[in-house]
Amino acid sequence: MMAADTPSGSTTAAGSTDRFEDVDWDDLGGLGLPLRTGLLVAVSAIYALVVTTDVFLTEGSVLSGTDWLFVLTLLVGAFFVAWPLAENRRLTAYYWRRFKKNRAAVVSAIYLLVVFTVGTVGPWLIAKPELNVIAAYQPPVFVSVDSSVPSACAGAVADGMCHGTWKYPLGTTSEGKGIAKLVVFGMRVSMQVGLITMLIVISIGTVVGTSAAYFGDLVDEVLMRYVDIQQTFPTFFLFLIVTYLFKPSLFLLITIFGFLGWGGIARLVRSEALQRREEEYIRAAENAGASDGWIIRKHLMPNVSNTVITAATLLIPSFILFEATFAFLGLTDPATPSWGQVIASGRGDLDSAWWIATIPGVFLFCTVLAFNFVGDALRDALDPRSEGDA
Amino acid sequence: MSDTAPLLSVRDLRVQFNTDEGVVRAVDGISFDVAPGETVCVVGESGSGKTVACESITKLIPMPPGEIAGGEVRFDGDDLTDASEKQLQSIRGDRIAHIFQDPQGALNPVYPVGAQIAEAVRLHSDVSKAAARDRAIDLLDRVGIPEATNRVDDYPHEFSGGMKQRVVIAMALAADPDLLIADEPTTALDVTIQSQILNLLRDLQDEFGMSIIFVTHNLGVVAEVADRVVVMYAGKVMETGSVHDVFERPSHPYTKSLLECLPGIGRSMEPIGGSLPDLTAPPEGCRFHPRCPHATADCRSGSHPELLEAASDHRAACVYYGPGYDVSAIRGDGEAETRATDGGRDDSHDSHGDSR
Amino acid sequence: MSMLWYVSRRVAWAVIATYLILSLTFGLLVVAPGDGQTAFAFKAATQGGNVDDAKETFDEITGRDEPMLTRYKNYMVNMATLEWGWSYTRNQPVLTAISEAYPYSLMYALPATLISIVLGYAIGLYSATHQYTLTDYFGTFTAFFGISIPNFWFGIMLILVFAVDLGWLPSYYQTGKGVWTLANAKQLILPIIVLSTGAIAGNMRYSRAEALEYVHADFVKTARAKGADDWRVLVRHIFRPALVPLMTILVADILGLLFAGAYITEVVFQIPGLGLLSYKAIVQQDTALVMATTLIPVFIAIVGNLLQDIAYTVLDPRIDYGGR
């Protein structure tokens, strides 16, 4: 996102010469990208060694495959997003000022932060919702329903109406599982789907796009042809087929959508990079003797990143919706609690226990809407070219 | 100066834009006249408001966020600021035509040029498609496009920059307008093409008998084409007069500084210190006072000075032309060379100045 | 390079893509465990038959007992000649099942597509040319709403309000009510609304964004300076050039959106179209039917992309046919 500061010709760490070519750029100016990447790689390597063997090679491990990916995503987010933002206060403040103009987006951002926190931390603190037939069909608090609906009303019964209680603030499902708990667990699922898939998509898309743009010719041709094929194939249906043929799971969903959904980002990155490649500062860097890798990493990527971030943020809602849709259709792992699943379970009881299908949907809708607002505001704040509204 | 009524008379025109950062007063009370058949050059730096002023004449500016906050624009007797959109649509193209700066974007890329010129014709006269097409070919020929009959069906991207500008000119003239407003038509072109286009415009003006408002920041072009000059700065008119008068005896410190910005043999270029004022919060008093070497206390307060008479038919908005000031401090004393055309001026221009 | 050459290249490309996808699905079929064999065996077991025999029969029927290359060849040939197999859950050829189902899909999908294209583009264009007005804000709001709301939940909510609570419309689709009848129309209203909402929103956003690029273009200013009225400017000078980039999203994305959306709509409203057919096939493990019904949208998408590319070159005179 931001390149490290690079002061012009001064003495090197060895303190010997003043020549421009001898300057060791990596040594100077803050925690430059290579050092940061190095740290990240080291940490993930340790993490991977310790945990992965456990996760993938043994049954019944502490973390599932998805959780492992989620932690990885959080780590990447911390290193590549939070850290640079903290380093470059002025730039961050500038972006924030522009972002702030969109009030809907600010509200959405706060909501998302809450959802993220609750979703990440919550499932560790509360127990997984369990089957409890006696408590089935409890209405949410402040709502009452005909007392014939629940098998045994947990709250007060008055005038033949069963009232909701704070024990089940959002009511229960037909299996007696508290909807509030399901909402919290669902938050985690949605967050995981959204963020992890976005990470995969950004990573692959950026690498492919920048390489295609920078190396051009055959590399470009081959890569873009492949992207063409990949883009033509609607991922929805491929996922249907795969889920049908293999055992469904959240991990599978994330992997498939991640590894097949990066085409759009790659194209975007490529076209951005192509435009930037012609700009003067790239020429200047080439003339100064920088290597291809250096130029890509230090000059191309940071300038392309703004567009990429916006595009990626706008992809998250579709991933979340896909997961919810498949959960609704019953094509995901039934053991993973998900908003779509709960909505599906409430479909048959619309006339009696309407809250089962409604409430998780409200959360789903709000979350997706929030991401869309934020993504839109990010685009206005980060992309200097989109000032075409005046 | 002519005795006939001016074709266009702008009085105290004020145009502003309502933006997130505040109200931008792009044009804050300008006045000038254009007589039939004459060429008036509106000069100024980027951001002086000259483009907005010209586009406001026919209300081409985007109307939110822009709005005409006051003043009048009298064209052949009618006030255009009061005109309805329908009335303006019949005037645009037919009586007042526009040429814009960048020919690259001025032509619709998905239609052939002939169709676009024909559109201009058919919008204002009831002729058949064939007749309009013939006129398009004729116009292309007039503006110097070789093999017009073959090229009339070509797309804009098949023309070079200079050729595109010629097409744009042809399109503007299609309905035989009385007034042509040309907004920096040669700025985006190479110098050699520039002079071709300028000559073309001059020939067409003689042939069609129209007035031209020529917006530019290039004083060399002004010297070449203008009969009269209007100097704008930060949304205000600083000086008006015949081109001869303004160049020989610049009467406003700003004009003088502009002329000194040009390179000349025997002396160095003098840049104007400081920068353009923020149009959401312009300075008190005279807009130019932060950069003016002659600014006095009067200049720094109150409102921007009115256009006062410096000489016959030569006005400047400077307090020095009011009572109590010694004008010789700022007014050129007649021996200032014409900086714009360093190799000496064409004598025929002098006669232009005299016959007005 | 002429247009014909370009078109034939694109067609050839589409054929290759189809071939690749078919091969891919075949590969997945081969690699996958179970896929109907288990269900078939289970059925046999519950009826007192021999499980192993049942599995063998299944393999024979589905041709799994033959060598790989033969299977591949058969598979490809069958696909090409529309021999798409037998649906054992419905006891009819797959092709018949499909032909019975697709009219129902068309009944709501066609109106929904038309509405979403016309309304979406119209509102988007209007918003772009009338920025900062109430209609613009309303349009933007609707767009956000449309793309954020989960289709299936929206459908359920509509059913809750209009069918369960208000009782104005039926809560699920029933066949046998004719095609052009009022009763049929009534039960199609909600599905059409659900399907078009997402599509309208998407269209609106795209067309507004594209039109905005052109609204402030110089040639639009030129057109106005020529004296063209607003309508003419909108259609000839904004919409027509904007059509070029709009085409790039029109066909492919709309199709994609529609198919995925149609799936949900049919499942929620119980409309016996292609989507529901496919869904039931998945649930009941009818592999042949699953393959066919999932691949159809894919092929349509490929064809759609092809048409879109061709249309793009026709619409934009600047495109050079040589190179991509």
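The values are calculated or read from the model by the stated rules, or taken from the named source; none is laboratory data. Just so it is clear, the structure is predicted and the values come from calculations on it, not from any experiment. Quick reminder, even Gly has a Cβ in these numbers, built from the backbone with ideal geometry, and neighbours come from all protein chains shown. For accessibility, only protein heavy atoms count, side chains too; no ligands or nucleic acids. Shrake-Rupley method; radii C 1.70, N 1.55, O 1.52, S 1.80 Å.
Annotations
- Chains C and A together bury roughly 4200 Å² of accessible surface, counting both sides and using a 1.4 Å probe on protein heavy atoms.
- Carbon plus sulfur fraction of accessible area for the range C:129-261, probe 1.4 Å, in percent: 67 percent
- Share of pairwise Cα separations in the range C:101-283, more than 23 Å, in percent: 49 percent
- Partner chain coverage, peptide C:207-219 - average Cβ within 10 angstrom: 3
- Per residue, in Å², the accessible surface of the range B:104-176 once ligands and nucleic acids are set aside, probe 1.4 Å: 39 Å²
- √(5λ) per eigenvalue of the Cα gyration tensor, the range B:104-176, largest first, Å: 18, 12, 11
- The range A:240-295 shape via C-alpha gyration tensor axes, a/c threshold 1.5: prolate
- Overall Cα dimensions of chain B, principal axis frame, Å, largest first: 67, 46, 39
- Tensor-based shape of the range A:130-177 (alpha-carbon gyration tensor, a/c under 1.5 rounded, otherwise prolate or oblate): oblate
- Rounded percent of accessible protein surface that carbon and sulfur make up, the range A:130-177, 1.4 Å probe: 59 percent
- Long pairs among B:Lys50/B:Lys236; A:Lys181/A:Lys247; B:Lys50/C:Lys221; A:Lys177/C:Lys280; B:Lys59/B:Lys129, criterion Cα-Cα beyond 19 Å: A:Lys181/A:Lys247; A:Lys177/C:Lys280; B:Lys59/B:Lys129
- Relative contact order [Cα under 8 Å, 6+ residues apart], chain B, whole percent: 19 percent
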